[in-house]
Every structure is written in structure tokens, then in C-alpha cells.
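Colleague: I have a structure I would like to understand better, so I am pasting it below and will then ask my questions one at a time.
The values are calculated or read from the model by the stated rules, or taken from the named source; none is laboratory data. Keep in mind that this is a model prediction, so the values were computed, not measured. Cβ placement follows ideal geometry from the backbone for every residue including glycine, while neighbour counts extend to all protein chains displayed. The area values use the complete protein model at the heavy-atom level, side chains included, leaving out ligands, DNA and RNA. Shrake-Rupley method; radii C 1.70, N 1.55, O 1.52, S 1.80 Å.
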Amino acid sequence: MRTHRIAVMPMDGIGREVIPAAVRVLRAAERAVGGFALAMTDFDWSARTSLETGAPIVPPGGFDTLRGFDAILFGAHGGTPGVPDDVAFAETLFAFRLAFDEYINLRPCKLLPGIPSVLAQAKPEDVDFVIVRENVEGELAGPGGRTGVGTPWETASQLTVISRGNTERVARYSFNLARSRRKRLANITKSNAMRHAYTLWDEVIAEVGKEYPDVQLDKFYVDAAAARMVLRPQDFDVLLCTNLFGDILSDLGAALAGGLGVAASGNLNPEGAAPSLFEPVHGSAPDIAGRGIANPVAAIGAGALMLRHLGEAAAADAIEAAMGRILRDGEFRTADLGGGATTDQMADAIAKRVVQGNAE
Ligand code: ATP
């Protein structure tokens, strides 16, 4: 029996509602599909606890503890008065990405039947692409600073960092992913305006592309790509983006595929040398937290991504099929999708469908 060690970390806000819901669906898949076991350990870390104790959100020794796990299922950070969102981000997600070399951020964007689209013309098959966001360099991880603080000449700078080695591994991951899908890779760049960092980015991607003659490589400037995602989403299969552009385009992608309630992501260390982290794209949603009405589909989708990463494709397929089925049937929908179901009702319907199978 294969055993996967999972750190379960709901964190703050609706993370505390959608992660337990996702865990129930994972347990259903474990029972129904068989052949593997999930050894889950709960971590009650949060911005709220950190505020009460005065300790950092991840307590001393926390990173070493997590290193012993195969994956982390993460809820949501932020939205806690007294802990600025950038501090919560820097102490958790951002720190995990660097500590565990999670150099890929994977954001599948697929419009499932039954989910209303913001694009009037879009059919579900039109919106089916994956955004691969470089996750440890680019514009977000670069050094920077301020000079002349408080003077009229106060100046801030923040460097864009692109390295050959990192770009190569991100490109290779993306070409392999495209090869397993519709064999089209879009390099999202801005080398027409940012001549140093982005020309290296383009060069490395083109070089790696020579190893993949069966994958069509296209180049889009990020502004044009944003427009095309709305006008002709069917042109995209895998989009390879730097950190900042990927951050922005993946929220656009999430909106096109049904909104934050259904968008999942993975922060991957593809080699499995350290734990990868899986999370719903949404934040802590303080406006609806504590009411039991958050959509658990994004967190459940993150659970399915996690199982796929761990090599449990049959269990991931079972969860994704069950989610698709429940959304298409329309009997259970949370408020963000125009229904009246609670978080638990939606999750339990999906779990039940996982156990029943999706045959009929
Ligand atoms: P944070 O400060 O943690 O980023 P936020 O409210 O700024 O929180 P999100 O949590 O991403 O950002 O929420 C944005 C909007 O989307 C909110 O109105 C929220 O209620 C809604 N939303 C987010 N996730 C869900 C969900 N799972 N189900 C229903 N609505 C959601």
C-alpha cells in the first residue's frame, strides 16, 4: 500500500471551512479507489493564532517539520486584522515556495459544464488551458530597495530576475505538459519593452523548444495575450509565464473558468525533493467566513491536483469527474454559482458521487 504524508493547513477565514470539506472528499476517494493511504496531519497555524501568541505564523522548526511531508494542503492566508496581508503572504506561501523550491505554479483553467461563463459566446470546450507560472524568480522575488526615504527624490527599485537554469527547468516542465495535452505552448513575454530579462527568457524557451519539435511554440506579448484569452480562449493550451504575468493572467483565467470559488492551484517541486503545496486560488474571504456558504470546489480541486502530483491519477480522475457531474446536474450549487447549497452540502454531494462512481 502506498502511503502519502499530507500536512493539512486550513489557516484563516474560509480556509477553515473549505479544507475540512476537501479532506472529506479525499477520504472518499481513498476508500473508493483504494491502493493508497493518506496519512494526514493537521496543523493549526494561522495569522489569528500568531496574533494571540506573538510567534510567527510558522513557528520555529516549522519548515523542518514540513520537509518530512509529501504534500501540503493549504487553505487561505490573509484577511486577519492586525496582520498585514503582505506579512501573512511572506511568512507562509512565499516562504514555502522558496524553502521547498516549488518553482512551478500550476493553474488549470477549465470551464466545466454547468458553470455560468462570463464570456457570452464561450462553450465549455473553449476554455481549457493551463497556466504555468514561474514561481521563485521574476519580478516578485527580485532584490530591491528605497533611497532618499521621505525626500522628494525618494526612489524605489525592484529588480526582475531571470536565470538560465531556472528558466530551462520551467520551460522543460511546460513543454512536457503541453506534450501530454494539445501540444501547444504559448510563451508569454514582454521582450519588446524589457530587453534584458525577457530576451534571456525568450532565448532559453526557444532553445529548450528545439528538444520538442512536436510541440508548437508561439510567442505572445502579455498585453496581447490578455486580450486573446478573452476573445479567443480556445487558442491556448499551455501558457508559460513569468512570476508577475502569471499571477495576473491566472486570475483572469480563473474568472473565465467560473471564478474564485472553483479555481485550484499547485505550487510544485516537480521532482518531489521537497513537499509541493496545493491550495484554492481564493483568499480568506472575510466577507463570507464563518457562515458555511463558501464554495468548496476550489479546495476539492486542489486536493485532486495533489493526488495527481502524488501519482494517484485514478483517484484524481474520480474526484474531478464527481465534481463535474455535481456541477452539471445543478442540484447542489453554492451562492457564488447562483445556488443555495452550503459548503458541507456541496462537498458531501461530491464525496457521495466519488463513492458511487460516475458510471450512470
Ligand atoms: P484575502 O484578503 O484573504 O485575499 P479577499 O476577500 O481580499 O481575501 P478573496 O478571499 O480571494 O479575497 O475573495 C474575493 C471575493 O471572492 C470575496 O467577495 C469572496 O467572498 C469571494 N470568494 C472567494 N472565494 C470564495 C469561495 N470559495 N466561495 C464563494 N465566494 C468566494
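Colleague: State yes or no: is Ile350 more than 30 Å from Ala95 (Cβ to Cβ) and either assigned by TED's automatic domain parsing to the domain that holds Met1 or open to solvent by less than 30 Å² (accessible area, probe 1.4 Å) (or both)?
Modeller: Details: more than 30 Å from Ala95 (Cβ to Cβ): yes; either assigned by TED's automatic domain parsing to the domain that holds Met1 or open to solvent by less than 30 Å² (accessible area, probe 1.4 Å) (or both): yes.
So Ile350 fits the description; yes.
Colleague: Would you tally the residues in the stretch 85-96 being surrounded by fewer than 21 Cβ atoms within 10 Å (Cβ to Cβ) and within 10 Å of the ligand (Cβ to nearest atom)?
Modeller: Of the residues in that region, 2 qualify.
Colleague: Moving to a separate point now. Which number in (1) open to solvent by less than 30 Å² (accessible area, probe 1.4 Å); (2) under 21 Å from the mean Cα position of the chain (by Cα); (3) within 17 Å of Val18 (Cα to Cα) marks the one condition that Glu320 misses?
Modeller: (1)
Colleague: Residues of the stretch 2-18 being open to solvent by 10 Å² or more (accessible area, probe 1.4 Å) and either more than 16 Å from the ligand (Cβ to nearest atom) or within 18 Å of Leu307 (Cβ to Cβ) (or both), which ones? Give the steps one after another, and end with the answer.
Modeller: In the first step, residues of the stretch 2-18 are kept if they are open to solvent by 10 Å² or more (accessible area, probe 1.4 Å); the result is 2-5, 10, 13, 16-17.
Passing the criteria: Arg2, Thr3, His4, Arg5.
Colleague: Looking only at the stretch 108-151, count every residue that is within 23 Å of Phe96 (Cα to Cα), surrounded by fewer than 16 Cβ atoms within 10 Å (Cβ to Cβ) and β-branched (Val, Ile, Thr) and tell me the total.
Modeller: Final tally of qualifying residues: 0.
Colleague: Here's something else I'd like to know. Can Asp344 be described as in a helix (DSSP H, G or I) and open to solvent by 10 Å² or more (accessible area, probe 1.4 Å)?
Modeller: Values: in a helix (DSSP H, G or I): yes; open to solvent by 10 Å² or more (accessible area, probe 1.4 Å): yes.
For Asp344, the condition - in a helix (DSSP H, G or I) and open to solvent by 10 Å² or more (accessible area, probe 1.4 Å) - is met.
Colleague: If you don't mind, there's one more thing I want to ask. Just one of (1) over 12 Å from Ala29 (Cβ atoms); (2) surrounded by 21 or more Cβ atoms within 10 Å (Cβ to Cβ) trips up Gly303, so point out which.
Modeller: (1)
Colleague: What are the pairs with Cβ atoms under 6 angstrom where one residue, in the stretch 260-288, is at pLDDT below 95 and the other, located anywhere, is more than 11 Å from the ligand (Cβ to nearest atom)? Sequence gap at least six, or different chains.
Modeller: Close Cβ pairs (under 6 Å, with a partner that is more than 11 Å from the ligand (Cβ to nearest atom)) amount to Val281/Ser265.
Colleague: Of the numbered conditions (1) open to solvent by 10 Å² or more (accessible area, probe 1.4 Å); (2) in contact with a Phe, Trp or Tyr (Cβ under 7 Å, 6 or more places away or on another chain), Pro275 fails exactly one; give the number of that condition.
Modeller: Pro275 satisfies every listed condition except (1).
Colleague: Still on this structure, I have one more. Do you know which of the residues in the stretch 218-258 that are closer than 21 Å to Gly324 by Cβ and out of contact with any strand residue (DSSP E or B) (no Cβ under 6 Å at 6 or more places or on another chain) is most open to solvent (accessible area, probe 1.4 Å)?
Modeller: Gln234
Colleague: Let me ask something else about it. Pick from Ser250, Ser276: which is within 21 Å of Phe89 (Cα to Cα) and more than 16 Å from the ligand (Cβ to nearest atom)? Talk me through it step by step, then tell me what you get.
Modeller: On the way: Ser250 fails: more than 16 Å from the ligand (Cβ to nearest atom).
From the options Ser250, Ser276, the qualifying one is Ser276.
Colleague: Next question. Enumerate the pairs (first residue in the stretch 35-51 and among the small types (Gly, Ala, Ser); second residue anywhere and open to solvent by 40 Å² or more (accessible area, probe 1.4 Å)) with beta-carbon separation below 6 Å, excluding pairs fewer than 6 apart on the same chain, so at least 6 apart or on different chains.
Modeller: Correct list of pairs: Ala37/Met1; Ala37/Thr3; Ala39/Thr3; Ala39/Arg5.
Colleague: If Ala21 satisfies every condition in (1) among the small types (Gly, Ala, Ser); (2) surrounded by fewer than 21 Cβ atoms within 10 Å (Cβ to Cβ); (3) within 18 Å of Ala302 (Cα to Cα) but one, which is the exception?
Modeller: Condition (2) is where Ala21 drops out.
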